[in-house]
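Everything below concerns the one structure shown next.
The values are calculated or read from the model by the stated rules, or taken from the named source; none is laboratory data. Keep in mind the model is a prediction, meaning the values are calculated, not measured. Cβ sites come from the backbone with ideal geometry, for glycine too, and all protein chains shown count toward neighbours. The area values use the complete protein model at the heavy-atom level, side chains included, leaving out ligands, DNA and RNA. Shrake-Rupley method; radii C 1.70, N 1.55, O 1.52, S 1.80 Å.
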Amino acid sequence: MECVLGIETSCDETSVAVLQGRHVRSSVAASQGDLHARWGGVVPEAAARHHVERLAPVLQQALDEAGATFADLDAIAVTNRPGLVGALVVGLAGAKALAFALRKPLVGVHHLEGHLYSAFLTEPEREIPFPHIALIVSGGHTELVKVEGHGAYRLLGHTLDDAAGEAFDKVARLLELGYPGGPAIDLLAQHGEPGAFALPRAWLEGTHHFSFSGLKTAMLRLVESLPKPLSASTVADLCASFQQAVVEVLVRKAIRAVQSERVSVLTVVGGVAATSGLQQQVRAVAQAEGIEVLIPPPHYCTDNAAMIALAGWFRLCRRERDDYDLDAYANAPLA
Ligand code: KG4
Ligand code: ZN
């Protein structure tokens, strides 16, 4: 099983990748960020339509960049759960059509399983260290997972309400910073004072769970109470204080999970892992505690098909395959 084509359309990135074994030959992602920016979040119907328009050209570009043709493909891996169903079915229909026409195996991949493998995309020679802890922080998910082996995942904790990325996006909308909120808040936070405003942290002691809705509401009240228009330095201080409140909780809880499970490697994956504030703090704390941290480069933090192809490749190596009538699911547990 050498050459695997990956397809990812679960949210607002149309992405296709070609992997040769564990090596990425190409990975192309067409973001719909601009399309959804005016609404301050992803509009599912618009996302699905856009995937329909983008899938064929993105597929062609991925093949061209890999120097591959359809005849070179040995299998197709596709995200089939969880995600926006209208968006998922576009990639899934494309993957089924290709697999059926080429008479090649099809494998459906859980989107979060893709994120778990994203930490190992840039080191294809490295044996994946098991067990390790993964902090998945994306627009839809905030989870701590114990990765015990290939396909063996134990969910330690999850968010009880908003995901970390969702909190970034909602606060960005509140401050009129556009969508996605992560990059905008991260940039402004670098010019602000993280201690400028006192904001709550939900520690949920004794559990590995998270909660960000209280912080979001506190931000709303705080912004309402401030004189308008907000000055640039106040906005920077708000961003820095908010980001610090999110990052502190993520870092401390991830490190605690690593220590309580007695492992030595932590991966931080998903779109929010691209946040420089999170990266700096998790690296600093981990180094002090003797923990190795793996964070993918930004283009593998956000949704991409390379991670889906890699997760699919490991499944195919275990001789797992799906039928050509594979379905898409909006919700599906990882473990
Ligand atoms: O993993 P992802 O691309 O999609 C989901 O699976 O949800 O994560 C998207 C989230 C958004 O909330 C966005 O605000 C945040 O990740 N994000 C970023 C960056 N790019 C996306 N946060 C910080 N820095 C970035 N460069
Ligand atoms: Zn994702």
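Please specify each residue of the stretch 32-55 satisfying the condition of being touching a residue at least 40 places away in the same chain (Cβ under 8 Å) and either under 24 Å from A68 (Cβ atoms) or within 16 Å of ligand 2 (Cβ to nearest atom) (or both).
Matches in the stretch 32-55: G33, H36, G41, V42, P44, A47, H51, R54, L55.
Hey, does the stretch 139-155 have a residue that's out of contact with any His (no Cβ under 6 Å at 6 or more places or on another chain), closer than 16 Å to H209 by Cα and outside any strand (DSSP E or B)?
Checking the stretch 139-155: at least one residue is out of contact with any His (no Cβ under 6 Å at 6 or more places or on another chain), closer than 16 Å to H209 by Cα and outside any strand (DSSP E or B).
Kindly provide the set of residues from the stretch 259-272 that are crowded, with 24+ Cβ neighbours inside 10 Å and in a helix (DSSP H, G or I), ordered by number.
Correct list: G271, V272.
Could you tell me whether the stretch 107-125 includes any residue that is closer than 30 Å to E205 by Cα, part of a loop (DSSP other than H, G, I, E, B) and either modelled with pLDDT of 95 or more or in contact with a strand residue (DSSP E or B) (Cβ under 9 Å, 6 or more places away or on another chain) (or both)?
Looking through the stretch 107-125, at least one residue is closer than 30 Å to E205 by Cα, part of a loop (DSSP other than H, G, I, E, B) and either modelled with pLDDT of 95 or more or in contact with a strand residue (DSSP E or B) (Cβ under 9 Å, 6 or more places away or on another chain) (or both).
Exactly one condition in (1) under 20 Å from the mean Cα position of the chain (by Cα); (2) within 16 Å of ligand 1 (Cβ to nearest atom) is false for E176; which is it?
The number of the failed condition is (1).
Across the stretch 273-320, what is the number of residues that are more than 15 Å from E8 (Cβ to Cβ), within 15 Å of ligand 2 (Cβ to nearest atom) and part of a helix (DSSP H, G or I)?
The total comes to 3.
Being within 16 Å of ligand 2 (Cβ to nearest atom) and open to solvent by 50 Å² or more (accessible area, probe 1.4 Å) is the filter here, so list the residues in the stretch 156-183 that pass it.
H158, E166, P180, P183, listed by residue number.
Answer with yes or no whether H208 is modelled with pLDDT of 95 or more, within 28 Å of I133 (Cα to Cα), open to solvent by 10 Å² or more (accessible area, probe 1.4 Å) and in contact with a helix residue (DSSP H, G or I) (Cβ under 6 Å, 6 or more places away or on another chain).
For H208, the condition - modelled with pLDDT of 95 or more, within 28 Å of I133 (Cα to Cα), open to solvent by 10 Å² or more (accessible area, probe 1.4 Å) and in contact with a helix residue (DSSP H, G or I) (Cβ under 6 Å, 6 or more places away or on another chain) - is met.
Out of the residues in the stretch 224-250 that are free of Cβ contacts under 8 Å to residues at least 60 places away in the same chain, open to solvent by less than 10 Å² (accessible area, probe 1.4 Å) and not small (G, A, S), which is farthest from Y300 (Cα to Cα)?
V249
Only residues in the stretch 58-74 that are farther than 18 Å from S31 by Cβ and among the acidic types (D, E) count as the first member; pair them with residues that are in a helix (DSSP H, G or I) and open to solvent by less than 50 Å² (accessible area, probe 1.4 Å), Cβ under 6 angstrom, at least 6 apart or cross-chain, and list the lot.
Matching pairs, first to second residue: none at all.
Considering only the stretch 1-50, how many residues are out of contact with any strand residue (DSSP E or B) (no Cβ under 8 Å at 6 or more places or on another chain), closer than 24 Å to A119 by Cα and buried (at least 16 other Cβ atoms within 10 Å of the Cβ)?
Final tally of qualifying residues: 2.
Please go through (1) modelled with pLDDT under 95; (2) open to solvent by 50 Å² or more (accessible area, probe 1.4 Å) for Q190 and return the number of the only condition it doesn't satisfy.
Going through the list (1) modelled with pLDDT under 95; (2) open to solvent by 50 Å² or more (accessible area, probe 1.4 Å), Q190 breaks only (1).
Only one of (1) in a strand (DSSP E or B); (2) away from ligand 2 (no atom under 16 Å from the Cβ) is not met by V78, so which one is it?
The number of the failed condition is (2).
Say whether the condition of being open to solvent by less than 10 Å² (accessible area, probe 1.4 Å) and within 16 Å of ligand 1 (Cβ to nearest atom) is met by at least one residue in the stretch 285-294.
no
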